[in-house]
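Down below is the structure, laid out as structure tokens.
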Number of protein chains: 2
Amino acid sequence: MVLKVCADRLSAPSRSVLIFCKKNGIDFEEIVVTVLKGHQFSPEYKAINPMGQVPAIVDGKLKLFESHAILIYLSCAIPGVASHWYPGDPAKRAKVHSILDWHHLHLRRGAGGLVFHSILAPVNGMRSYPEILIQTEEILLRSLSKLENVWLKDGRFLGGSTQPSIADLSLACEVMQLELLSERDYHRILTPYKKVKKWIEDIRSATAPYFDEVHEHLFESQKGIREKMVTHSGKNNVRSKM
Amino acid sequence: MVLKVCADRLSAPSRSVLIFCKKNGIDFEEIVVTVLKGHQFSPEYKAINPMGQVPAIVDGKLKLFESHAILIYLSCAIPGVASHWYPGDPAKRAKVHSILDWHHLHLRRGAGGLVFHSILAPVNGMRSYPEILIQTEEILLRSLSKLENVWLKDGRFLGGSTQPSIADLSLACEVMQLELLSERDYHRILTPYKKVKKWIEDIRSATAPYFDEVHEHLFESQKGIREKMVTHSGKNNVRSKM
């Protein structure tokens, strides 16, 4: 039975799993679960992931969710995955875990939170709170600074590696989520982080052509969202809402 | 050179690492880093963990932070750690990773966030925002419900296990953090979750006497904090601040 990957390409964690599978030549079936239509709450999907989030996989009897757990599982369970994605050396592996764990409450909380509260919530008629918007942008800026000055201090990839790991893939897909912001906010937030921008290009090259292929849907949505945000006069600038 | 564990027993992730080391008879030196005094920002400590958070370990040349990464590293690197803490079976190990990953943006964000914004911030003269307090309590309540109805659905320990894993230890220390709330808030929030309360007792028994020993400082602090909160008239009830 072929591996099933339940994913929404608008979700950063979903994209990291899809790019990983494609880059490593893993045979899989992509099951589209459209989050903005609430498909993650259907009884069929909740039988796979009772938390109602994407991505999730079904591999034989195993149903698994949380993208980092999925990336680790696939790195170990699928023969032929190159070892740089999830190194066997205990100290190198520990560093990958450290980056992945740091991600959740820092870069993901900041980037995912800012995109949700400043873009997806207003565009979809949900309420957003100024204090939460300010807090998430602060978390994002601190996280980008740590990404630039700690994780990318010593090398081309995170933690001083010369080749990408699953942590690079996960965090790069998260930074790409910022493409949904207005062009002005995107440049205001990202421009100071030269190493981060270079690193995204390095991940793109290392996973070509799949990085662009899987992100295509994000860029299509970016266009539609930016048009919608223009109709919310003055609301296409995060700062203007604070 | 003996393993160094840099920790503050008021931090849930620190406690999980300390209890794990003690329960597994790991030889280590505890280096106290007092977060409320800002010791995590000292140049000496930032040379170990540039993120300025606890816990962190130093094992020979390896400097490692993020408690889940530390627990996984110690489970693999230290001979004699019982396999139930971090199972070798790929599907069981994947489940442990899934629970650990889920923890960050759900139970930890809810419990840690609520304790910080409702107790530690006001007691230490920092500003707290009602919207953020409401948001963190909502995240906590949803997380406790998932803990009760998903992770504890099928067994004594998380994910249907008969013996505890590092995920049980990490999440149990987080729930214990709620002891810092007022007695009234603690009971209001925890009382509906019978399985969660029973599971905490099971972890306490499985790691005796170290669970109580390491939590002793939390209970001492609870007394002082509750006395301080009474002097903030009407502020010892989370609801009253919303």
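Can you list the trypsin sites (Lys or Arg not before Pro) in region A:126-167 that are in a DSSP coil and have 15 or fewer other beta carbons within 10 angstrom? Here the sparse-neighbourhood loop sites are A:127, A:153. Here each label is just a point 7 Å from Cα along the line to Cβ, and for residue A:145 and residue B:183 those points are 4.3 nm apart. The mean number of partner chain beta-carbon atoms within 10 angstrom of a residue's beta-carbon across peptide A:84-96 is 3.
In nanometres and ascending order, the distances from the residue B:224 label point to those of the other copies are 5.5 (point 7 Å from Cα along Cα→Cβ).
Give, to the nearest whole percent, the P(r) tail of region B:86-242 beyond 22 angstrom, counting all Cα pairs.
Values: 5238 of 12246 pairs.
Tail of the P(r) past 22 Å holds 43 percent of the pairs.
Among B:54, B:230, B:96, the largest mean-square fluctuation in a Gaussian network model of chain B, built with springs joining Cα atoms closer than 10 Å, belongs to B:230.
Distances between copies at residue B:209, taken between label points 7 Å from Cα along the C-beta direction, are 6.8 nm in increasing order. Projected onto their three principal axes, the Cα atoms of the protein assembly as shown cover extents of 55, 52, 49 Å, largest first. In this structure, the residue pairs whose Cα-Cα separation is over 29 Å, taken from B:198/B:223; A:92/B:4; A:4/B:95; A:4/B:23; A:23/A:92; A:63/B:46, are A:4/B:23; A:63/B:46.
With the convex hull of its Cα atoms as the shape, region B:1-55 has an orientation-averaged projected area of 3.7 nm². A label point on residue B:1, set 7 Å along the Cα-to-Cβ line, lies at 5.0 nm from each of its counterparts in the other copies, closest listed first. Here the 3J(HN,Hα) profile of region B:156-171, calculated from phi with Karplus coefficients 6.51, -1.76 and 1.60 at θ = phi - 60°, is 6, 10, 4, x, x, 7, 8, 10, x, 10, 4, 5, 4, 5, 4, 6 Hz, Gly and Pro shown as x. In this structure, the amide hydrogen of residue A:62, modeled 1.01 Å from its nitrogen in the peptide plane, lies closer than 5 angstrom to no residue at least 5 positions away or on a different chain.
Among B:76, A:173, B:6, the ranking by other beta carbons within 10 Å of each residue's beta carbon, starting with the fewest, stands as B:76, B:6, A:173.
If Lys and Arg each add +1 and Asp and Glu each add -1, what is the summed charge of the other residues whose beta carbon sits under 15 Å from the beta carbon of residue B:84? The partial results should precede the final answer.
Details: positive: B:23, B:92, B:93, B:95, B:156; negative: B:89, B:168, B:202.
With Lys, Arg at +1 and Asp, Glu at -1, the net is +2.
Taking a straight line from the alpha carbon of residue A:194, these aspartates and glutamates sit under 18 Å away, with near neighbours fewer than eight places off in the same chain left out: A:148, A:154, A:168, A:174, A:179, A:183, A:185, A:202. If one computes P(r) from the Cα atoms of region B:1-138, what percent of pairs lie at distances over 19 Å? The share of Cα pairs beyond 19 Å in region B:1-138 comes to 57 percent.
The residues packed around residue A:221, meaning those with a beta-carbon under 14 Å from its beta-carbon, carry a net charge of +1 if Lys and Arg are +1 and Asp and Glu are -1. Peptide A:66-75 shows a mean partner chain C-beta count of 5 within 10 Å per residue C-beta.
Here region B:144-193 is treated as a Stokes sphere of Kirkwood radius computed over C-alpha pairs; at 4 °C and 1.567 mPa s its diffusion coefficient rounds to 111 µm²/s. Need the C-alpha centroid separation for region B:13-27 versus region B:122-183, integer Å. That distance is 20 Å. Of all chain B residues, the one whose Cβ lies closest to the rotation axis that maps B onto A, given with that distance rounded to whole Å, is B:104, 2.
Applying a DSSP loop filter and a limit of 15 other Cβ atoms within 10 Å to the trypsin sites (Lys or Arg not before Pro) in region A:32-106 leaves A:61.
In plain terms, if you count all Cα to Cα distances in region B:88-147 and split them into 10 Å steps from zero, the share in each step is 23, 39, 23, 11, 4 percent.
Could you grab the relative contact order for chain A? Cα pairs under 8 Å, six or more apart, rounded to a whole percent.
Numbers: 322 pairs, mean separation 50.6, N = 242.
Result for chain A is 21 percent.
Averaging over all projection directions, the Cα-based convex hull of region A:56-132 occupies 7.4 nm² in the image plane. Candidate cross-link partners of residue A:37 among the aspartates and glutamates, defined by an alpha-carbon separation under 18 Å and a same-chain spacing of 8 or more, comprise A:8, A:220. Counted over the protein assembly as shown, the DSSP beta bridges are approximately 60% antiparallel. Scanning residues 5 or more positions from residue A:155 or on other chains, those with amide H under 5 Å from its amide H are A:160, with H placed 1.01 Å from N in the peptide plane.
Since every read-out is calculated from the coordinates, none of them should be taken as a lab result. Everything numeric here is computed off the predicted structure, so don't read it as measured data. Please note: Cβ atoms are built from the backbone with ideal geometry, for glycine as well, and neighbour counts cover all protein chains shown.
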